[in-house]
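Q: So that we are looking at the same thing, I have put the structure below in structure tokens.
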Amino acid sequence: MPRMQRMFPEYSPGPRRLRIGEAAGILGLEPYVLRYWETEFPQLSPLRTEKGQRLYTQDDMAVLRRIQKLLHEEGLTIDGARRRLAERAQVHELTSGIIQELQDIRAILTSSTRPTPPRHP
């Protein structure tokens, strides 16, 4: 394992996938907690190997951290955390749509041929 990854287990130079034990260790949780959360939160769907081993991506880790914060720091129930994640997903979808519309408008404005102003000698 590269020195940087030993010092900082969350550091990932590429699309590294973590096994459930590694992911749980980084979060300071037991693996059974991650397995349980997987049944309670549809946003959490780790990849599976042919043998059924869970592999967590960096996106999965972000969801896990968010769930952990909602449950352990903010004191929400499972149901409350599930609703908060769903609300956040809706806001993200809405803002993504707005951003795309603005980018489309920018592309239209920059691609339209504008007449160049006349030069005065």
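Read-outs throughout are calculated quantities, based only on the coordinates presented, and are distinct from any laboratory measurement. Because the structure is predicted, anything quoted here is derived from the model rather than measured. Heads up, the Cβs are rebuilt from the backbone with ideal geometry, glycines too, and the neighbour counts pull from every protein chain shown.
Q: Using packing as a proxy for protection, rank 69-75, 20-26 so that the peptide with the highest average count of other Cβ atoms within 10 Å comes first.
A: 20-26, 69-75
Q: Further question on the same structure: Suppose the chain between Arg35 and Leu109 were pulled fully straight at 0.36 nm per residue; how much longer would it get relative to their current alpha carbon spacing?
A: Between Arg35 and Leu109, full extension yields 21.7 nm more.
Q: Relative to 2.2 N^0.38 Å, what does the C-alpha radius of gyration of region 3-111 come to as a ratio? Two decimals please.
A: Normalised by 2.2 N^0.38 Å, the Cα Rg of region 3-111 equals 1.34.
Q: Percent relative contact order of region 13-120, based on C-alpha pairs within less than 8 angstrom and at least six residues apart?
A: 21
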